[in-house]
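Each remark here refers to the structure printed beneath this line.
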Amino acid sequence: MDLARVSTDALASFAVFADHLNFTRAAAELHISQPALHVKVQKLAAALGRPLYRREGRRLGLTPEGEAVARFARELDGRVAAFLAEIHGTSPSRVPVLAAGEGAYLYLLGDVVRAVPRPRLINGDRAKTLTAVRTGRADLGVAVLDVLPADLHAVPLAAYPQVLVMPEDHPLAARPHLRLTDLSGSSLVVPPPWGPHRITLERALRAAQVPWSVAVEAAGWPLLLHFVSLGVGLAVVNGCVRPPPGLVQRTITDLPLVQYHALHLPDRTGDPLVRNLLATVRAQLP
């Protein structure tokens, strides 16, 4: 490990790469070429003696060491900003940063965004939300978790049933609630196969021995609901999702509740910024 070759420039560049997990977009933000950024990251990894990212199918992901390096880079940048503010007799501004998925922003966190002054928002799936918190890019993340991560502090926020969304004139709409067996033979609008919601739903239907078919695969609750409105099929979504006019939802009683958690780094439990942001999230939830 050659620590003398670890420069603040390389750390700052890696932090930007960690934000995007894409060399082309990160290089554009840094106003350097993609090959130049790639060389910076490779040299930093060589100096530390650890791989900082890995390929996950068609996407890139940070290794645990990469998450630690990105977190350190942002902490270093914050300390430099605080030092310069002290030298110049000014107060460093800290803007709260919240990370969450599309569904959480649309159906759960709208009042939170209105209540927090000048927030920075990061939109990404569960994996991107967790990475944003782990690397220090986000002060707080909100996500649905089946398994609590050991390296983050998780605070339960709200639990919702899983519901079937259908046209209001569908035969199943006459029932007050449903069971998985009621979906037998249904054509469902579902997320892509790699999504956690799709995986959980498929396992439950398989365990209940319920035959079903894929009507269409779509990413994001709004597009799923749009296809249901068009009569393409039915959809199982989280209970916090509000169906548009013409559609109704019924609780599926033998599917587990969906639990939303707020997540932050354990050593930031006492940080006023994290504490105030978490308090706002909890106070504004419906």
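Each value in this text was obtained by applying a stated rule to the coordinates, not by laboratory testing. Everything numeric here is computed off the predicted structure, so don't read it as measured data. Note that we place each Cβ from the backbone using ideal geometry, even for glycine, and neighbour counts take in every protein chain shown.
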Say R0 is 22 Å: what FRET efficiency, to the nearest 0.05, do GLU75 and ARG55 get from their beta-carbon distance?
-> 0.25
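Taking a ≥ b ≥ c as the square roots of the eigenvalues of the Cα gyration tensor of segment 162-256, is the shape rounded (a/c under 1.5), prolate (a/b larger than b/c) or oblate? Mind dumping the intermediate values first?
On the way: a/c = 1.45, a/b = 1.10, b/c = 1.32.
Rounded, since a/c falls under 1.5.
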In debye to the nearest 20, how big a dipole does segment 3-88 give about its Cα centre with +1 on each Lys and Arg Cβ and -1 on each Asp and Glu Cβ?
-> 400 debye
For segment 3-88, just the Cα atoms, rotate onto the principal axes and tell me the three extents in Å, largest first.
-> 47, 27, 20
Would you give the gap between the C-alpha center of segment 217-262 and the C-alpha center of segment 100-119, rounded to a whole Å?
-> 19 Å
How much space per residue, in cubic angstrom, does the convex hull of the C-alpha atoms of the chain take up?
-> 156 Å³
Cβ-based net charge around ARG203, under 15 Å, with every Lys or Arg adding one and every Asp or Glu removing one | -1
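Quote the charge dipole size of the chain about the Cα centre in Debye, to the nearest 20; the model charges only the Cβ of Lys and Arg (+1) and of Asp and Glu (-1).
Values: 30 positive and 24 negative charges, 51 e Å.
Using Cβ point charges on Lys, Arg, Asp and Glu, the chain gives about 240 debye.
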Charge tally for neighbours of GLY101 with beta carbon under 12 Å away, counting Lys, Arg as +1 and Asp, Glu as -1, is 0
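Compute the signed sum of charges (Lys and Arg +1, Asp and Glu -1) over the other residues within less than 12 Å, Cβ to Cβ, of GLU65.
Numbers: positive: ARG50, ARG54, ARG71, ARG134; negative: GLU67.
With Lys, Arg at +1 and Asp, Glu at -1, the neighbours total +3.
Evaluate the relative contact order of the chain (contact order divided by residue number), counting alpha-carbon pairs under 8 angstrom at least 6 apart; express in whole percent. Don't skip to the end; give the middle numbers.
Details: 471 pairs, mean separation 59.2, N = 286.
Relative contact order, the chain: 21 percent.
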